[in-house]
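Student: Below you will find the structure I want to go over with you.
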Amino acid sequence: MGQKKENFDKKGTNTKKCDKCGKEASITLGYGPHYFCENHFINFFENRFRKTIRKYNLIEQGEKILIALSGGKDSTVILFLLAKYYKKGRELEALIIDEGVKGYRDKSVKTAEENCKNLGIKYKIISFKKEFGVTNDEIMPLIEKNPKLGGTCAFCGTLRRNIMNKYAKRIGAKKLATGHNLDDEVQSFVMNVFNNDFERMKRMGAGAGIIEHQGFVKRIKPLYETPEKEIIAYCAFKGIKHYSEECCPYSWTAKRNEYREMLNTFEDRFPGTQYSILR
Ligand code: SF4
């Protein structure tokens, strides 16, 4: 991913050429490897997004789709691409959840709102405070002090899923689109292996969730086969505004961070590792 030093000659010209048109490459994808100019990378990225939706039958004609929008890169790309390719003949709506994290979520909520307005997508903001009477800022210090209550993100994620599911049911959405990408999915898989958690593993996939139960709305992950670094590159090439300044102050305790680091090391040394695990 990105551009390696050894790809450039002494004059600073990229010696790698786009696989499609032979122009100077703007991006290198380590697996393959593949080289693309900006335009052909954008085509490649968007085609894979649509192919994932077709391959796993994630969206059907006329279905109402609720997009779980945080304002970060992943869910913002979902918002843009669903608006671009799947708005016709369907109702799209975004749900923005405000967990109540000062200096972080208040800013990302603003970015999410702006993008919805610019794209003409209806949206709803629901806060933890209104729904459960507490903000993350009020409850997380207590959870951090008492590990028996579980991890901060696990707690927050449960509350968030509760809101997403209830709201999706309320508006009659058939699918709930989330921003999970390839890296997230592979991390979850390896975590489940390490924890010997077969029940969770069974619920994984591009169309995830407790799909058999009528009380739950099916979750879909259109970025299931898209590496995180490529989402960053796509946002940069397309000039998509998303929130990326701060991380949530409660995320540092998440076990997932360790898995991310380990898998990134593998991917850097052995490109294609994440796809192998996914398959
Ligand atoms: Fe919640 Fe963790 Fe996300 Fe922060 S990083 S908003 S605590 S799930």
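Student: Which pairs do you get when a residue that is more than 12 Å from the ligand (Cβ to nearest atom), found in region 93-116, comes within reach of a residue that is of a type in the set (Lys, Arg) and not in a strand (DSSP E or B), reach meaning Cβ atoms under 8 angstrom, with the pair 6+ apart or on two chains?
Tutor: Close Cβ pairs satisfying both conditions: GLU93/LYS64; THR111/LYS241; GLU114/LYS241; ASN115/LYS241.
Student: Report whether or not ILE126 is at pLDDT 95 or above and in contact with a Leu (Cβ under 9 Å, 6 or more places away or on another chain).
Tutor: Answer is yes for this residue.
Student: Of everything in region 267-279, what is surrounded by fewer than 17 Cβ atoms within 10 Å (Cβ to Cβ) and not in a loop (DSSP other than H, G, I, E, B)? Give them in sequence order.
Tutor: The answer is ASP268, ARG269, TYR275, SER276, LEU278.
Student: Looking only at region 121-128, decide whether some residue is touching a Gly at 6+ places or on another chain (Cβ under 7 Å) and over 28 Å from ASN57 (Cα atoms).
Tutor: yes
Student: A further question follows. When residues of region 86-104 are filtered for being at pLDDT 95 or above and within 18 Å of the chain's Cα centre (by Cα), how many remain?
Tutor: Adding up the residues that qualify gives 8.
Student: Please work out if GLN274 is within 16 Å of the ligand (Cβ to nearest atom) and either among the polar types (S, T, N, Q) or out of contact with any helix residue (DSSP H, G or I) (no Cβ under 9 Å at 6 or more places or on another chain) (or both).
Tutor: For GLN274, the condition - within 16 Å of the ligand (Cβ to nearest atom) and either among the polar types (S, T, N, Q) or out of contact with any helix residue (DSSP H, G or I) (no Cβ under 9 Å at 6 or more places or on another chain) (or both) - is not met.
Student: Go through region 125-144 and give me each residue that's loosely packed, with under 15 Cβ neighbours inside 10 Å and either basic (Lys, Arg) or within 19 Å of ALA254 (Cα to Cα) (or both).
Tutor: Within region 125-144, LYS130, GLU138, PRO141, LEU142, GLU144 qualify.
Student: What about ILE27, is it within 17 Å of the chain's Cα centre (by Cα) and surrounded by 15 or more Cβ atoms within 10 Å (Cβ to Cβ)?
Tutor: Criteria not met by ILE27.
Student: If THR135 passes every condition in (1) over 22 Å from the mean Cα position of the chain (by Cα); (2) at pLDDT below 95; (3) within 16 Å of the ligand (Cβ to nearest atom) but one, which one does it miss?
Tutor: Failed condition: (2).
Student: Filtering region 203-248 down to residues that are within 16 Å of the ligand (Cβ to nearest atom) and more than 25 Å from TYR167 (Cβ to Cβ), which residue is modelled with the highest pLDDT?
Tutor: Here the answer is GLU228.
The values are calculated or read from the model by the stated rules, or taken from the named source; none is laboratory data. Just so you know, these numbers come straight off a predicted model, no measurement behind them. Every residue, glycine as well, gets a Cβ built from its backbone with ideal geometry; the counts of neighbours run over all protein chains shown.
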